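Here is the structure we will look at.
Bear in mind that the values in this text are calculations on the coordinates, not laboratory data. Keep in mind that what you see is a predicted model, and the values were worked out from it rather than measured. In this analysis, Cβ positions are derived from the backbone assuming ideal geometry, glycine residues included, and neighbour counts consider all displayed protein chains.
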Amino acid sequence: MRWQGGRQSGGIEDRRGMGSVGVGGVGVGGVVLALIGYFVFGISPTTTLNAVGGAGAPVEQQQGVQGRVSDSAGQFVDVVSTNVSDVWTPIFRQENRSYRPPAAVVLYTQSTGTGCGLGQSAMGPFYCPSDRKIYLDLAFWDELAGRFGAGGDAAKAYVIAHEMGHHVQHLLGADETAQRMGARGAESGSVRLELQADCYAGVWAAHASAVSNGQVALDPSDIEDGLRAAAAVGDDTLQKQTGGRVAPDSFTHGSSAQRTRWFRAGAQSGDPAACDTFGTDQL
């Protein structure tokens, strides 16, 4: 994947090295439930934390340095997230809408306070709609390659584009639609929301080169890396890895086959209209 030299917007909030934060209003038990939910059932950590402590549960807040970063890993996140916003800006304009980038992509270590409660690195990357920020502990890249077998820059970029897809959904109100439909089950609002974010990640991949004059670009092998990353974090795959049985009734993100299918739909069409997971019975 080509990305060096791509545009950076400085939308990074760097909290790395600031130390872990207190649990505050969520409680240690809530954090444990969130981690179990993520690794055993694939449940979004923000869903669990909100259920335990309430949305916006008070935690010790931190404020990192916002702007450009000097290290390569941080610059990669900046370039990809900026490129994703550059893809969505004209798409929104075509629909007479105004696109607003996330408030920040927060890089942190181990744990940090968020508008959705306590963020923990074990939860993996996530988007918090309450503060419109994406949270990422870069140690997840090792987890992605080692535990999930999905290494390489394109796999990392898929993760970023997926979380940025959740931001797009928040701007469009899709997260509220999903919440009304329910959070668990093979055809739940949560699954439809996650699959649409996968498709939106594919839309980004289709347009990344055009909006950056080729400075950010994915070749066919990079797309395959993205597909492998999508497959690696399917609910059925995660449940099998933990030694449990596959239980579709507990799905929150979709199966590996579904996640790859929707990512491919976005990448092949480049059209957000192809990502209507809420209007189809064929997930």
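Observations on the structure shown:
- Estimated FRET transfer efficiency (ASP281, GLN63; beta-carbon r; R0 41 Å; 0.05): 0.35
- Formal net charge of residues neighbouring HIS207 (Cβ-Cβ distance under 13 Å; K, R +1; D, E -1): -2
- R0 of 22 Å, Cβ-Cβ distance ASP71-ARG2: FRET efficiency to nearest 0.05: 0.70
- For segment 75-117, the convex hull drawn through the C-alpha positions has a volume of 78 cubic angstrom per residue.
- Other residues within the sphere of radius under 14 Å centred on the Cβ of LEU107, judged by their own Cβ, net out at -1 (K and R +1, D and E -1).
- Neighbours of GLN169, meaning other residues whose beta-carbon lies under 11 angstrom from its beta-carbon, give a summed charge of -3 when Lys and Arg score +1 and Asp and Glu score -1.
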